[in-house]
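Please read the structure below before turning to the comments.
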Amino acid sequence: MYYIEFGKTGLNISRFGMGCMRFPTENEKVDEEKATKMIRYAIDNGVNYLDTAYPYHNGESEVILGKALKDGYRERTYIATKSPVWLIEKYENFEKYLDEQLERLQTDHVEIYLLHALNEKSWNKVMELGALDFLDEMKKRGKIKFAGFSFHDKYPVFKNIVDSYN
C-alpha cells in the first residue's frame, strides 16, 4: 500500500480509502458479517482511511464500522464521518449528533469530521448556528482532530466556504 501525507494534518493516509456507504446487503439489510470481513481485509492490507456518515445505510454504517474496528483494528485506522447538517436546528444539536456518532462508532474521537453535503442554503444555516465555533470546540476537547466539509453546489459557494475557515 502506498501512503501520502494528508494535507497539513500530519496524518499518513493510505492512497486507497474505504467508503462505507455501500456495504453488501441482503433483503435491503446490511450483511454485517460480510461488511466486517471487507473492512478488516482492507485494514489488513494497508487501508487506514475509512469514510462513513450519519445517514449511510440508515445509520447502520457507523454501527457496523464501530463493531468491525474492535480487537485492535481501531488503532490502525483514521475515521472520517460527517455531521448531518440537515438535522441541525440549534447549536446544541451539533454535539448531540456527534456524540451519537461516536457512540455508534464505539470511539471517543474521529480524526476527520465533515459538515456533510454543504450547499448555499445549508452553509448559511450552519454558519448562523455557530458551526465553526462548534468545530473549534470539539477540536479543543479532542472529539475531532480535523474539520472539513463535503460539497454539492457551485464554485462561488465553495470559495465562500473555503475562505471562511483556516
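Matching residues to (1) modelled with pLDDT under 95; (2) out of contact with any helix residue (DSSP H, G or I) (no Cβ under 6 Å at 6 or more places or on another chain):
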{"position": "N12", "(1), (2)": "no, yes"}
{"position": "C20", "(1), (2)": "no, no"}
{"position": "E26", "(1), (2)": "yes, yes"}
{"position": "A35", "(1), (2)": "no, no"}
{"position": "S61", "(1), (2)": "no, yes"}
{"position": "A68", "(1), (2)": "no, no"}
{"position": "G72", "(1), (2)": "no, yes"}
{"position": "L87", "(1), (2)": "no, yes"}
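Could you give every pair whose Cβ atoms fall below 8 Å, whose first residue belongs to the stretch 62-86 and is of a type in the set (D, E, K, R), and whose second residue is at pLDDT 95 or above and in a helix (DSSP H, G or I), counting only separations of at least 6 or pairs across chains?
From the stretch 62-86, the pairs are E62/Y56; E62/Q101; E62/R104; E62/L105; K67/E32; K67/T36; R76/I43.
Quick check: is even one residue across the stretch 55-65 touching a strand residue (DSSP E or B) at 6+ places or on another chain (Cβ under 7 Å), among the β-branched types (V, I, T), more than 26 Å from M1 (Cα to Cα) and part of a helix (DSSP H, G or I)?
Checked against the condition, which is being touching a strand residue (DSSP E or B) at 6+ places or on another chain (Cβ under 7 Å), among the β-branched types (V, I, T), more than 26 Å from M1 (Cα to Cα) and part of a helix (DSSP H, G or I), the stretch 55-65 yields no hits at all.
Yes/no per residue for (1) touching a Pro at 6+ places or on another chain (Cβ under 7 Å); (2) within 22 Å of N12 (Cα to Cα):
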| position | (1), (2) |
| --- | --- |
| T81 | no, yes |
| P84 | yes, no |
| Y91 | no, no |
| H116 | yes, no |
| M127 | no, no |
| D136 | no, no |
| F151 | no, no |
| I161 | no, no |
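List every residue pair whose Cβ atoms sit under 9 Å apart, with the two residues 6 or more apart in sequence or on different chains, where the first one lies in the stretch 149-166 and is within 21 Å of Y54 (Cβ to Cβ) and the second, anywhere, is modelled with pLDDT of 95 or more and open to solvent by 90 Å² or more (accessible area, probe 1.4 Å).
Final answer for the pair search is D153/E120; D153/K121.
One residue is enough: does the stretch 30-50 have a residue meeting the conditions of a type in the set (G, A, S), touching a Lys or Arg at 6+ places or on another chain (Cβ under 8 Å) and either open to solvent by less than 60 Å² (accessible area, probe 1.4 Å) or not in a loop (DSSP other than H, G, I, E, B) (or both)?
Within the stretch 30-50 (the criterion being of a type in the set (G, A, S), touching a Lys or Arg at 6+ places or on another chain (Cβ under 8 Å) and either open to solvent by less than 60 Å² (accessible area, probe 1.4 Å) or not in a loop (DSSP other than H, G, I, E, B) (or both)), the answer is no, since none of the residues qualifies.
I'd like to know if the stretch 152-160 contains one or more residues that are crowded, with 19+ Cβ neighbours inside 10 Å, touching a strand residue (DSSP E or B) at 6+ places or on another chain (Cβ under 9 Å) and either assigned to a helix (DSSP H, G or I) or not acidic (D, E) (or both).
no
What residue, among those in the stretch 12-24 that are more than 15 Å from the chain's Cα centre (by Cα) and surrounded by 13 or more Cβ atoms within 10 Å (Cβ to Cβ), is nearest to R74 (Cα to Cα)?
If we take residues in the stretch 12-24 being more than 15 Å from the chain's Cα centre (by Cα) and surrounded by 13 or more Cβ atoms within 10 Å (Cβ to Cβ), then S14 is nearest to R74 (Cα to Cα).
I'm checking my understanding of the structure. Among residues of the stretch 117-132 that are closer than 15 Å to F94 by Cβ and without any contact (Cβ under 8 Å) to a residue 40 or more places away in the chain, which one is most open to solvent (accessible area, probe 1.4 Å)?
Going through the qualifying residues, I end up with E128.
The values are calculated or read from the model by the stated rules, or taken from the named source; none is laboratory data. Only a predicted model underlies this, so the values are computations on that prediction, with no experimental measurement involved. Reconstructed Cβ throughout: ideal geometry from the backbone, glycine too, with neighbour counts over all protein chains shown. Accessible surface is based on the protein model in full, side chains and every heavy atom, while ligands, DNA and RNA are left aside. Shrake-Rupley method; radii C 1.70, N 1.55, O 1.52, S 1.80 Å.
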